[in-house]
Amino acid sequence: MTPARAPAPPSFVVPPSRYGTLHVVPPIGGMRGFVVLFSKGNGWTTEDQQAATRLAERGAFVAGVDTGYYLSHIDTTPDSCNLMDGDAETIAHQIQRALGTEHYFTPIMAGVGAGGALAERVLALAPAVSIAGALAVDPVASPAVTALPCGNDATQLNGFWDIGATPGWPAAAAAEVAERRKAGVTAEIHPLPAGGSEADHLLALVLPHLAAADTGDSVADLPLVELPAATPGDRLAVVLSGDGGWRDIDKSIAETLRQDGVSTIGLDSLRYFWSERTPQRTADDLARILRAYIARWHTRHVALIGYSFGADVLPFAYARLPTDLKTHIDLVSLIALSKGADFEIRVVGWLGAPPSANALPIPPELARMPAGRVQCIYGADDDEGTACPALAGTAADVERLPGGHHFEGDYERLTRRILAAWRARIG
């Protein structure tokens, strides 16, 4: 049975704006995102409504806008900027406040054809954090969009720009996007098959950017520490702490990553592994974390970083991740890796004891990993207790630093090594 769409509260009133009449479609079930959907052309058509409905079925609150009407109410006099991002942000604020949502969802701009081109133009005007990004299927700038006096020369977008390209996308429009990418604008091109509906195409672009559903993919039960970057970017790091919990080296690595513009999630191993886990359960929970924060923070590039106990369990978890998530992972950084992995905190581990007799051997798991994605860092004083040298002669980065398990306290140098390896893999 299809769950019923939750009706808007009786007091809910769509506030007036330059958008005119909003075609509002509340989400089915829990709200997972807020989408401002521009129509393909003048008027709001059956196809536009079908697309809005499909998005709402997957948890998006959709505010549909008649592109022609909106453009007719935009001032196109030279040198005037119209704060189109403000129109979207204001609607998102007012609607979500009226609905009483638990979390605020930054608006995603979306559209097909002229609507897709307009979505990108709004993003081009937006300061950081105000607009999540723009999603466009076969964007083609109409004369009215082209006439807009602002945003057409932007070289940096403060959000993601994803383009769904069908075989029917006009070559001239594709060439224009190619030129902008050459100029330094970041845009992801996603080939789409011929024959699908506009609703299908939009859904394919929007789904990766919706927050994880409350059932199944929620991470509220996990001991996580959130460190979002001040300025949103496309990098996400997940740091698995040592058995002492979220402290010292783990916190220092995460803070340095955040200062470099990397949004970071910390998993407190002391709390998570207080009771025994299995490699598969660990992988399943790591997958939940990745799905939640790739969508929530709109990231593309992922680094998995483990320290000590966290490093020991990470090869096992990585091997059991779904294939679609592995495509996001550029780097797996294993710091102070030992030779065996326990999946439960041991008090003697705090005293420096080696892995238990029941520990799972790490070298076979390392052999299963794509060496080109692996970085293994260990202290010179830990030569006998680490599995890192087993990776010598492979495509992995094996780095031997001065000191022992805590690398002489130089955590910033350690993090710079991680960042350098990550950048080398992203290109």
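The values are calculated or read from the model by the stated rules, or taken from the named source; none is laboratory data. In this text, all values refer to a predicted model and were calculated from it rather than measured experimentally. Here the Cβ is made from the backbone with ideal geometry for all residues, glycine too, and neighbour counts use every protein chain on show.
Let's see how each residue does on (1) within 23 Å of the chain's Cα centre (by Cα); (2) more than 22 Å from Ala173 (Cα to Cα); (3) in a helix (DSSP H, G or I):
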{"residue": "Gly64", "(1), (2), (3)": "no, yes, no"}
{"residue": "Gly111", "(1), (2), (3)": "yes, no, no"}
{"residue": "Ala128", "(1), (2), (3)": "yes, yes, no"}
{"residue": "Ala144", "(1), (2), (3)": "no, no, yes"}
For a quick check of your reading of the model, give me the residue pairs whose first member lies in the stretch 294-317 and is over 24 Å from Phe273 (Cβ atoms) and touching a residue at least 60 places away in the same chain (Cβ under 8 Å), whose second is of a type in the set (Ser, Thr, Tyr) and not in a helix (DSSP H, G or I), with beta-carbon atoms closer than 8 Å and at least 6 apart or on different chains.
Trp297/Ser263; Thr299/Ser263
Does Arg281 satisfy the condition of being without any contact (Cβ under 8 Å) to a residue 12 or more places away in the chain and assigned by the TED database to the domain that holds Ala396?
yes
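I'd like to verify a number: residues in the stretch 169-188 that are among the aliphatic types (A, V, I, L, M) and touching a residue at least 12 places away in the same chain (Cβ under 8 Å), how many?
At the first step, the residues of the stretch 169-188 found to be among the aliphatic types (A, V, I, L, M) are 171-175, 177-178, 183, 185, 187.
Remaining after also requiring touching a residue at least 12 places away in the same chain (Cβ under 8 Å): 173, 177, 183, 185, 187.
Going through the stretch 169-188 one residue at a time, the tally reaches 5.
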Among the numbered criteria (1) surrounded by 13 or more Cβ atoms within 10 Å (Cβ to Cβ); (2) touching a helix residue (DSSP H, G or I) at 6+ places or on another chain (Cβ under 9 Å); (3) closer than 26 Å to Glu276 by Cβ, which single criterion is violated by Arg413?
(3)
For the stretch 171-185, indicate whether the set of residues that are surrounded by 17 or more Cβ atoms within 10 Å (Cβ to Cβ), of a type in the set (A, V, I, L, M, F, W, C) and touching a strand residue (DSSP E or B) at 6+ places or on another chain (Cβ under 6 Å) is non-empty.
no
Keeping to the stretch 33-60, report how many residues are under 18 Å from Thr101 (Cβ atoms) and buried (at least 23 other Cβ atoms within 10 Å of the Cβ).
6
Counting just the residues of the stretch 257-276 that are more than 13 Å from Val238 (Cα to Cα) and in contact with a helix residue (DSSP H, G or I) (Cβ under 8 Å, 6 or more places away or on another chain), which one comes out surrounded by the most Cβ atoms within 10 Å (Cβ to Cβ)?
Phe273
